[in-house]
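Presented below is the structure to which this report refers.
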Amino acid sequence: MSRKQNHFLISLFATLTLGAALLLIFNGVPAAAQNATQETVILGTIEDSQAQPVSGALVSLQNEEEVISSANSQADGRFVLTVPQPIPNEFNILISRAHFVEMNLHLDDEQISMLQTGESVVLDTITLPRKIGVAFWIAAVIFIVVLVLIASGATHNTLAALIGASVILGISYLGHPIYEGLYIFDFAGSIKYIDWNVIFLIMGMMMFIAIVEHTGIFQWMAFAAYRTSKGKMLILLPI
């Protein structure tokens, strides 16, 4: 077989391969889109009584006492709950989260009919009331005690904060198996409350001040303020 014939066969094979790939792509995209449109979902947003989004809430779709689908609310409070086929004639939505009152929603006949015809349902904004229980009062008392320790100077500020956090985590881990209402938050949840931007900002300021302090500028500023005010408190305090 000559070199020209080899080149022709390679070009023909490449052309056929490219055509088959394009055919699969263009046939696969509508099929995928069709499958996506066939998926029936329930969308909604969960907020607290202060209109703040509630994240981490468990949204369950229940038929009698069986959970057929579930999803968690995101940081903006929104959730997308997939409704599996076949869609029953009657079911309810259960929303639960720690420190919030459990809510049970019933869909009306019109919403169920929309789901059965393949249409998605968008729920009105759901307001989930907070639950003022034992965990709330324990956390409030610990917070007040930590503030008193810091204000009185009875212990170091960092030590007081660490003691308060340790007590809260200890009660959550040891008390929760005994009584569910003693759960405040776990270690993974506590990490989410740390603002690392503030931590590193304060760390950088402390390093900067520690270096500048060796130059004596703070002593000079104090002397200049005292000399300007001539010892008069009414002038020294504003300076």
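The single condition among (1) at pLDDT below 90; (2) surrounded by fewer than 18 Cβ atoms within 10 Å (Cβ to Cβ) that PHE91 does not meet is (2). Taking the criterion of being open to solvent by 60 Å² or more (accessible area, probe 1.4 Å), within 24 Å of the chain's Cα centre (by Cα) and small (Gly, Ala, Ser), the only residue of region 121-170 that qualifies is SER166. Of the residues making up region 118-148, those that are in a helix (DSSP H, G or I) and aliphatic (A, V, I, L, M) are VAL134, ALA135, ILE138, ALA139, ALA140, VAL141, ILE142, ILE144, VAL145, VAL146, LEU147, VAL148. Considering region 149-239, the qualifying helices (runs of 4 or more DSSP H), each wholly inside and each with 3 or more residues that are touching a Leu at 6+ places or on another chain (Cβ under 8 Å) and under 30 Å from TRP137 (Cα atoms), run over 157-175. Taken over region 197-239, the residue count meeting the criterion of being open to solvent by 100 Å² or more (accessible area, probe 1.4 Å) and among the hydroxyl-bearing types (Ser, Thr, Tyr) is 2. Can you name every residue in region 64-99 that is in a strand (DSSP E or B) and not hydrophobic (A, V, I, L, M, F, W, C)? Passing the criteria: GLU66, SER69, SER70, ASN72, ARG78, THR82, ASN92, SER96. What is the one condition in (1) surrounded by 15 or more Cβ atoms within 10 Å (Cβ to Cβ); (2) more than 19 Å from the chain's Cα centre (by Cα) that ALA98 does not satisfy? So the condition that ALA98 fails would be (2).
Of the listed requirements (1) under 24 Å from ILE95 (Cβ atoms); (2) without any contact (Cβ under 8 Å) to a residue 40 or more places away in the chain; (3) hydroxyl-bearing (Ser, Thr, Tyr), THR215 misses just one: (1).
The values are calculated or read from the model by the stated rules, or taken from the named source; none is laboratory data. Because the structure is a prediction, the values reported are computed rather than measured. Cβ: placed from backbone, ideal geometry, glycine included. Neighbour counts: every protein chain shown. Quick note on the areas: whole protein, heavy atoms, side chains included, nothing else; ligands and nucleic acids left out. Shrake-Rupley method; radii C 1.70, N 1.55, O 1.52, S 1.80 Å.
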